[in-house]
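Have a look at the structure below, then the notes.
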Amino acid sequence: MGISRISQALTAREILQLVEKDLRRVEECMRLESIASVDAITAINRHIQDSGGKRLRPTLVLLSTQLFGPMNDLAISMAAVVEMIHTATLVHDDVIDAAETRRGKPSTNALWGNQTSVLAGDWLYMQAFQAAVRARNFRVLDLLIGLTQLMVEGELIQLERIGKIEITETDYMELIDRKTASLFSTCARLGAMAGGASEIDEGKLGEFAWNLGIAFQLVDDVLDFTSREKILGKPVGNDLREGKVTLPLVYALQQATPQEREAVATVLREREYRTVPFSQITAILKKYHGIERAMERAESFTERARAMIQEFPESAYQRAMLSVTDLVTARDH
């Protein structure tokens, strides 16, 4: 279901109005949790927080809570915790990928080096769990521990596949299940728990968010080929440059000629668009409709997410969750 750019902006503004006050509390909570006894860690945390971001994951926690009950301190704390865990994974990802920018600004590893950045990411993980422990809720800890294990497994799986061209759709879906969808699902489940939802409703909302997370990552991988660097906040074509074959290329490679496959393999080997220009890769994607097929796949997951959220009673927060599904597929960064 497409929406115009104007209506998208209005929808985004309406969602922001619902959570704006609470997001400020989340930001303040993150700021306080990010103060360390080691100056470098505090500086890195401030750099990351000041770099902004969509704050989609904490927003998902806040909306999920108010789908079932009033806003409360547990929801604010959990929203801060999931964003801190997400941030820690980004710090580690940038080190692994040797990324130089993040959200249009220098990455932490570019400014502080790999060793300091890895340790800062570790510190953020531990600080997030320390904040979670204060909730004195074993269910919260079970969800967060399970999530962290899945995300680390996802990173290890990705490392094993770096530079490999023989990636199947099943391989790809297994990876983004662990790296992205599991986090979205946990955000919704933590929010539902904070709002007093039943276990059945918590599970249903988690499934909604899992589908949303898959769609989000699919669109992210499409934008890596189709967006502009100024909008995306990082170099375009970066995934392939880093040795990652994502779904648009998986689809294109299913039909590509040996010469076209070798062009992709060359970029994977060289880790740059020197011998094979980026335009040659996008031409292959266009020839075999890799972008369109990946977007159709994203739409199939957003359709599932829409159907699931429509099962909940109508409210401003339910409508906001429904609108988020549109924003995920219609965004340009």
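The values are calculated or read from the model by the stated rules, or taken from the named source; none is laboratory data. Quick caveat: nothing in here was measured; it's all calculated off a predicted structure. Cβ placement follows ideal geometry from the backbone for every residue including glycine, while neighbour counts extend to all protein chains displayed.
Considering Phe301, Phe312, which residue is outside any helix (DSSP H, G or I) and either modelled with pLDDT of 95 or more or buried (at least 18 other Cβ atoms within 10 Å of the Cβ) (or both)?
Every option except Phe312 fails the conditions.
Among Glu83, Glu174, which is assigned to a helix (DSSP H, G or I), surrounded by fewer than 16 Cβ atoms within 10 Å (Cβ to Cβ) and of a type in the set (Asp, Glu)?
Glu174
Determine which single condition Ala99 fails, assuming it passes every other condition in (1) of a type in the set (A, V, I, L, M, F, W, C); (2) modelled with pLDDT of 90 or more; (3) not in a helix (DSSP H, G or I).
Against the list (1) of a type in the set (A, V, I, L, M, F, W, C); (2) modelled with pLDDT of 90 or more; (3) not in a helix (DSSP H, G or I), Ala99 comes up short only on (2).
If I filter the range 148-186 down to residues being modelled with pLDDT of 95 or more, among the acidic types (Asp, Glu) and over 14 Å from the mean Cα position of the chain (by Cα), which single residue comes out as nearest to Ala209 (Cα to Cα)?
Going through the qualifying residues, I end up with Glu174.
Quickly run through the range 298-311 and pick out the residues that are in contact (Cβ under 8 Å) with a residue 40 or more places away in the chain and more than 14 Å from Ala330 (Cα to Cα).
Arg304, Ala305, Arg306, Met308, Ile309, Glu311
Select from the range 233-247 the residues that are in a helix (DSSP H, G or I) and touching a residue at least 40 places away in the same chain (Cβ under 8 Å) and write down the one among them that is farthest from Ile157 (Cα to Cα).
Asn238
Would you please name the residue that is nearest to Ser37 (Cα to Cα), looking only at residues in the range 128-147 that are over 20 Å from the mean Cα position of the chain (by Cα) and surrounded by 14 or more Cβ atoms within 10 Å (Cβ to Cβ)?
Among them, the one singled out is Ala131.
Is there any pair with a first residue in the range 248-277 that is over 13 Å from Ile165 (Cβ atoms) and a second that is among the aromatic types (Phe, Trp, Tyr) whose Cβ atoms are under 7 Å apart and which are 6 or more apart or on different chains, and what are they?
Here the result reads Pro248/Phe225; Tyr251/Tyr288; Gln255/Tyr288, each pair linking the range 248-277 to a residue that is among the aromatic types (Phe, Trp, Tyr).
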